[in-house]
Structure formats: C-alpha cells, structure tokens
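**Q** Before we start, here is the structure in question, set down as structure tokens.
What follows is calculated from the coordinates using simple rules that are stated; it is not laboratory data. Just so it is clear, the model here is predicted, and its values are computed rather than measured. Every residue, glycine as well, gets a Cβ built from its backbone with ideal geometry; the counts of neighbours run over all protein chains shown.
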Amino acid sequence: MSSVRCEGLRRIYPEGGGVHDFTCAIAEGEFLALLGPSGCGKTTTLRMIAGLERPDAGRVFVENRDVTAEPPERRNAAMVFQNYALFPHMSVFENVAFGLRARRVPAALLRERVEQALELVQLAGLGKRRVTELSGGQQQRVALARALAVHPGILLLDEPLSNLDAELRFDTRRQLAELQERLGITAIYVTHDQDEAIELAHRIAVLKDGHVHQIGTPEEVLHQPATPFVESFLARYRDAVGRQA
C-alpha cells in the first residue's frame, strides 16, 4: 500500500469543466471517496492521480515521490473503470493476466497471481470462461481481480458499481469493503452515490463544479457540512436514514 498526496491539482478543458486546486493527502490503507454530481471533476481528479491525464498545474506524490510527469506504470497504481474495459475475446484468466504479462512476470508466478486474485474476488475456477459468459457482477469482479493481480499500492475505482442493479450493487459494495479492509490497500473511489461513499469510505471529498467543498469523515460531512452545497447534496441520505429510524 502507498500514500498519495495531491497538491493544487488543476485541469481545465477548453469546452469548460475540469478541476480547480485539488489538494488532499491520502494515508496508506485509507479509503477515500470522491463524491459529487456528474461533471464535478471526480473522474478528472482520479485520472490525474492515475497518470492518464496531465494536470495544468499542481503535483501528485506517491510515497512522497513526485510522479506528476511519470507514466501510469510508474505510480504503483491499478485502475478499475466504469465499463470494466475487459477484452471480450479473451478468457477470464487472460483478462486478469493482462497487466502481469505487460510487466513480464514469469509464467509460474503469473499463474499463481491470477489464481490468487480470482480467489480474492470469489471467482476461483472460472478462469477458462469467456468474460461474455459472465454476469455483470462477475465481470466487475474480473476487472477488480485484474487490478489486484499486479499487487498495486493504490487501487483507483471509477464508479465501478454503476452498471449493476440495486441488489447486486449492495452485495458487491459489501464485498469490496471487506476486501479493501482485509488487504489494507489504499483506495480512491469515484461515485455520485451518497450511500456508496458513506458506507465504503474512511473520508469523503465532496466536489462541485471542479471545486472541493469539504473533505472529512462520513460523520463530518453528514453532520457538520462545510458549505450549503454539502448540506443539500447529502440531505437525501439524511432523510432516508431518518425515515428508516
């Protein structure tokens, strides 16, 4: 696991939108959620941390090493995309092995890593199947296994549960929380879903229009909102919890 520090990250697009001055330190083993409405800059922030986008200004540090100008493979991070980005013509095994092959991991160790990753996500024994034969929830877990197989210090997740139905999303969210806690991996998770952020994260960064409105624990953003936007954005969650009480 690795620590991450973002200092004044800025990325503005010519057509509008982007991120202004994102600053946050994420400790080793911490689960940080980037929460906000569509277009608020969550995914752009994640992609700058991953090295998939170069910031206009600011710096990214991994383990106190400035990686701002370094490519994704030098950041000890793995990413799970919203659409999973699996290869439909490949087996489950080959999808999970993809990142290991790119790193030239020896065959015996590669097989061991793939099998360990599939076991972690409860897909042991399915390595020979095509991903097109799997359910949406299983495909999501294949994408997660592929990320975990390379033993990253940082796990980056871009709305990985948004394509699942409500019941499956709830079950997968619980499994993801248990897995992150067991592995102790540093995780940064993009979502627009208040339930996901509050139930998964140790801390939440609430964004709107590219600006950070508050970074705090779930309890802090719920009960001590720093701005009117945080107050209104989390009102639905508070109201739902109140109705259940």
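**Q** Tell me, what is the percent relative contact order of region 84-151, built from C-alpha pairs under 8 Å that lie six or more residues apart? Present the calculation step by step, with values, prior to reporting the outcome.
**A** On the way: 84 pairs, mean separation 35.1, N = 68.
Dividing the mean separation by the residue count of region 84-151 yields 52 percent.
**Q** Which semi-axes, in whole Å and largest first, does the equivalent ellipsoid of region 84-151 have when worked out from the alpha carbon gyration tensor as the square roots of 5 times its eigenvalues? Before the final figure, lay out the partial values.
**A** Numbers: eigenvalues 61, 28, 21 Å².
Taking √(5λ) for each eigenvalue gives 18, 12, 10 Å, largest first.
**Q** Please label the shape of region 164-210 as rounded, prolate or oblate, based on the square roots a ≥ b ≥ c of the eigenvalues of the alpha-carbon gyration tensor (a/c under 1.5 means rounded; beyond that, a/b larger than b/c means prolate, else oblate).
**A** oblate
**Q** Pull up the DSSP beta bridges for the chain and report the antiparallel fraction as a percent, rounded to 5. Don't jump to the answer; show the numbers that get you there.
**A** On the way: 19 of 37 bridges.
In the chain, DSSP labels about 50 percent of beta bridges as antiparallel.
**Q** Further question: Calculated FRET efficiency, Ala177 and Thr227, Cβ-Cβ r, R0 30 Å, to nearest 0.05?
**A** 0.65
**Q** Give the residue list of trypsin sites (Lys or Arg not before Pro) in region 163-199 that are DSSP loop and have at most 11 other beta-carbon atoms within 10 angstrom.
**A** Sites meeting the loop and neighbour criteria: none at all.
**Q** Can you tell me which of Pro88, Pro37, Pro152 moves the most in a GNM of the chain? Springs connect C-alpha atoms under 10 Å apart.
**A** With Cα springs under 10 Å in the chain, the top fluctuation among Pro88, Pro37, Pro152 is at Pro88.
**Q** Hey, what D do you get for region 139-245 in µm²/s if you plug the Kirkwood alpha-carbon radius into Stokes-Einstein at 25 °C and 0.890 mPa s?
**A** Result for D is 164 µm²/s.
**Q** Of all trypsin sites (Lys or Arg not before Pro) in region 97-146, which ones are in loop regions per DSSP and have a Cβ with at most 15 other Cβ atoms within 10 Å?
**A** Arg103, Arg104, Lys128, Arg129
**Q** Oh, and also: Hey, fewest Cβ within 10 Å first, where do Ile204, Ile12 land in order?
**A** Ascending number of Cβ neighbours within 10 Å: Ile12, Ile204.
**Q** Give or take rounding to whole Å, what are the principal axis extents of the alpha carbon atoms in region 1-67, in descending order?
**A** 36, 23, 18
**Q** Size of the chain along its principal axes in angstrom, Cα-based, largest extent first?
**A** That works out to 54, 46, 34 Å along the principal axes.
**Q** Let me ask something additional. Tell me the mean residue ellipticity at 222 nm calculated for the chain from its helices only (DSSP H runs of n ≥ 4, each -39500 (n - 2.57), averaged over every residue, nearest 500).
**A** -11500 deg cm²/dmol
**Q** Could I ask something else about it? If r is the Cβ-Cβ distance from Arg130 to His151 and R0 is 25 Å, what FRET efficiency results, to the nearest 0.05?
**A** On the way: r = 26 Å, r/R0 = 1.03.
Efficiency for this residue pair is about 0.45.
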